[in-house]
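Visitor: Supplied in structure tokens, the structure appears directly below.
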Amino acid sequence: TVDSNVQHAHERLVRVHPVFTALRRLGCKIMHPDFSHVVPRPETGAMARQCLSALGSSGAQREPLSQRESQAIFHFFADSHRVAGQALEGPDLAALKKLPIFETRVGSFVSLSEGECFVCPTSVTVDAPSEQLLLHQEPALYRALGVTELDDTAMFERFVLPRFASLSLPQQTQACAQIKRNWGVIKERPSLVDSLKTTPFVCMHGNLLRADQLLDPQNKLLSSIFGGDPMFPTAPFASDEWLVILRHLGLQSNIDADLFLLCARRVHRSFAAARTSGSPALTNETLENAGALVKHLIACFSALQSSVFCGAVADIAFVPVEMPVSLDLPEGSPLWNASASPR
């Protein structure tokens, strides 16, 4: 008869349909088709809430789901959530989070109660923990469940930058390219900027340095005093575009008290080296740098001065002076050409 055929079809549906088999494996009781004529079939949204209510209160042991079952039950709840006026909320969402039906980008299935999970656009390629990065689908349901969607920059901040030092050289190069490419977005995120300031990511002669450990090559006084020292960014970080970024991250462009003392000591060492080498050109260059440094001291003294600074700078011989030509100076004196060296 027609009724018996319908009943057999219902029985088969309950027995083989992945939504029903998944619900049974998860511990949800399924009504036998024999009673379908007694209890009216609820709307999809109401059915979903009833299932979640049953699953939330069930103490039955759950069986593992197949990939087909996990995908089917996920889409069942997602479809129900999309129905106008039938969106899941409160306890329903709490019960849903506990189900291991959320597919990751590597094809495994996890529950949202196992730890923090994320989604990101499919265009974003990043080496993130496989069990945390979910397949990008059903955004409305994931928003309701509190799953955060991360963009390219957020993924970089969370998963790439913290382990920058352990990345291979090609991966570090790729990460730096990402910083440069996304700088317009990065500079508007204070937490990421702060992280970049404390992360050594500038490759210098095989070592990784922070931006604040380097000097700005476009500061003429710094480039003149430290011109021969490995204290300036090298390619590719020496480009104008990179220098703008590095200045934002702490590249030393302005000569503050600490950097002034460093300059003064470098001038002192340079003059000693010039004396040893006997090079008039090197001596003249050092005296010019010393004069420029003194001019900077005079111009910026109000900003530089402190008792600590004044005490430290007073002990450094970096001031060029003119000595009377009548002095009987021995040959090889540091006061070359009647111009006194830093004292």
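Visitor: What's the FRET efficiency of K220 with Q171 using the Cβ-Cβ distance as r and R₀ = 41 Å, to the nearest 0.05?
Guide: On the way: r = 36 Å, r/R0 = 0.89.
Working from the Cβ atoms, E equals 0.65.
Visitor: Straight-line reach from K197: which lysines have Cα under 29 Å away, leaving out those fewer than 8 places along the same chain?
Guide: List returned: K180, K187, K220.
Visitor: Would you list, by chain and number, the lysines whose Cα falls below 30 Å from the Cα of K97, excluding same-chain residues fewer than 8 positions away?
Guide: Straight-distance partners of K97: K29.
Visitor: So what's the gap between the Cα centers of the stretch 114-153 and the stretch 255-289, to the nearest angstrom?
Guide: One Cα centre to the other: 56 Å.
FYI, it's all coordinate maths here, none of it is from the lab. Everything numeric here is computed off the predicted structure, so don't read it as measured data. Don't worry about glycine lacking a Cβ; one is built from the backbone with ideal geometry, like all the others, and counts go over all protein chains shown.
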